[in-house]
1. Could you tell me how many degrees, from 0 to 90 and to the nearest 10, lie between the Cα long axis of helix 4-17 and the main elongation axis, the longest principal axis, of the Cα atoms of the chain?
2. Quick check: pseudo-label points 7 Å beyond the Cα along Cα→Cβ at residue 119 and residue 262, how many nm apart are they?
3. Treating the beta-carbon of each Lys and Arg as +1 and of each Asp and Glu as -1, no other charges, what is the dipole magnitude of the stretch 356-499 about its Cα centre, to the nearest 20 debye?
4. In vacuum, with every alpha carbon of the stretch 215-275 counted as one equal point scatterer, what does the Debye formula give for log10 I(q)/I(0) at q = 0.16, 0.19, 0.27, 0.30 Å⁻¹? Two decimals, please.
5. Please give the contour-minus-distance gain from residue 382 to residue 4: 0.36 nm per residue of separation, less the Cα-Cα distance, rounded to one decimal in nm.
6. Return the sequence-ordered ³J(HN,Hα) values of the stretch 119-133 in whole Hz as given by the Karplus equation 6.51 cos²θ - 1.76 cosθ + 1.60 applied to θ = phi - 60°, using x for Gly and Pro.
7. Beyond a 26 Å Cα-Cα separation, which of these cross-linked pairs lie in this structure: 246/414; 389/490; 341/442; 18/74; 47/163; 206/331?
8. Could you tell me the center-to-center distance, by alpha carbons, between the stretch 1-80 and the stretch 453-499 in angstrom?
Amino acid sequence: MTSQTLRDARKYEETMEKMIAKDERPAFHLSTRVGWLNDPNGFSFYKGEYHLFYQYHPYDSKWGPMHWGHAVSKDLLHWDYLPAALAPDTLYDIEGCFSGSAIELPDGRQLLMYTGVQKKPLPDGKLREVQTQCIAIGDGIDYEKYPNNPVLDENDLPEHGSKYDFRDPKIWRHRDGTYRCVIGNCTEDKSGCILLYSSPDAIHWKYEKVLAENQNRFGKMWECPDFFELDGKQVLLTSPQDMLPKGFEYHNGNGTLCLIGEFDEETNTFTSEHDQSIDYGIDFYAPQTILAPDGRRIMIGWMQNWDTCNLHQSNKNWFGQMSLPRELSIKDGRLIQRPIKELEYLRCAEVRYEDVSFTDTIKLDGINGRRIDMEITLRSGDEQNLYRKFAVRFAQNDSYHTSISFRPYESILKIDRKFSGSRRAVIHQRRSLVRDRNGEIKLRIILDRFSVEVFVNDGEHVLSATIYTDQSADGISFFVDGKVTMDIDKYDLRDGGNV
Ligand code: FRU
């Protein structure tokens, strides 16, 4: 039985979606049907389609009582909205249905596991939000909350585990047919940890152990964990809050963390060998992955960040979009991310240049646009003297631009949206230490109306950022201090269509 709260949300979103013109949205990135979107949830392949749910507040373009929005896609680029899947309508989730994941049950139904939030009194009488894990089972459109929710609560925590920060279950099926999930938690000093649980049927859960402990190395609380095998290694992804910067690897605030290591299944022991940021740009958080039917591990993230999400204009009735889905692999102990290959089917109107040598500033015929896939292969244009700085400016007109610049002497790549038209004092720049050989570097830049994603050297580093510059600013220009030679392969990208 759908509740009145869910029926109201479904009716509201259906009406309001019509008020948003197609070209006011990203073309092939999933954006919220209306109102607010944050984390991807329940990323899954079910009944022949990809399903993506999301943290959703339909009634405002700001965060509010969390529902789960829902969309489906055959290619991860063309999305069709389905009615909202969950609403905060039951005592144990009345303050919000927080992030979680999805799995298909052996009987063909789909199970959603999410965090229910409710307020409970503290000894002094004040109310505080408590988080538990809940289940809803359905057919890909309608989901029934499990009558014995919550399925995990404060009684299922390790000693000193926090019942206030206990969220974001990511579920998977073990090869013996039983289930596992990882959940974000923290100790009394707010330092994050990831808990492992097991279940014979995805409904009755048992606490196993602390899988990973932050010990205050990477921020504080760890949100939205994901745990999977990739190229013979084991990967733990999480999104830490309250990070301190470390060189060019981690920045202040909300960040992303990828730990790569080994997992001993006998003892459930994860040993981390490498750590890195997942995304080095400004807007990326809370990613979730899926093992696609063809064996690819695909990750999608919220292309936003809690520290910068007041950048948008408040007069818009939508806010929040996902990143491009990315194919993951591991090379030399690093996470490699490439845009999903399906993106190539949206390519049209190719423009190619080879061996363009220049000094100073140039524009090239046919190189412009706000929905493009452009690969730049750059090398030094002078055997004796390495260039000092290269920059590509895009979303450009006389007043505005955003830039990606590279300084080979320091191997620093910088994204800068200071001149994108933003009137807010939020972070506009970020630097990343990348790899180059004598100034040789490859940049694949993907623009989709309100965003830029840069894949460096075939996915060794990725930088994502949202930009809200007027769409008429579609110029692209290149600048160099010194001399470079570059090849460019640029395509327009057809509309993926949100509906
Ligand atoms: C991460 C997060 C999750 C939580 C959700 C609430 O962005 O804070 O930990 O479940 O957002 O919307």
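Quick note: the coordinates plus some simple rules give every number you see, no bench work behind them. Computed from a predicted structure; not experimentally measured. Please note: Cβ atoms are built from the backbone with ideal geometry, for glycine as well, and neighbour counts cover all protein chains shown.
1. 20
2. 5.0
3. Dipole about the Cα centre, nearest 20: 600 debye.
4. Relative scattering, expressed as log10 I(q)/I(0), comes to -0.53, -0.71, -1.12, -1.23.
5. 129.2 nm
6. 8, 9, x, 7, x, 7, x, 5, 9, 9, 6, 10, 10, 9, 9
7. 47/163; 206/331
8. 27
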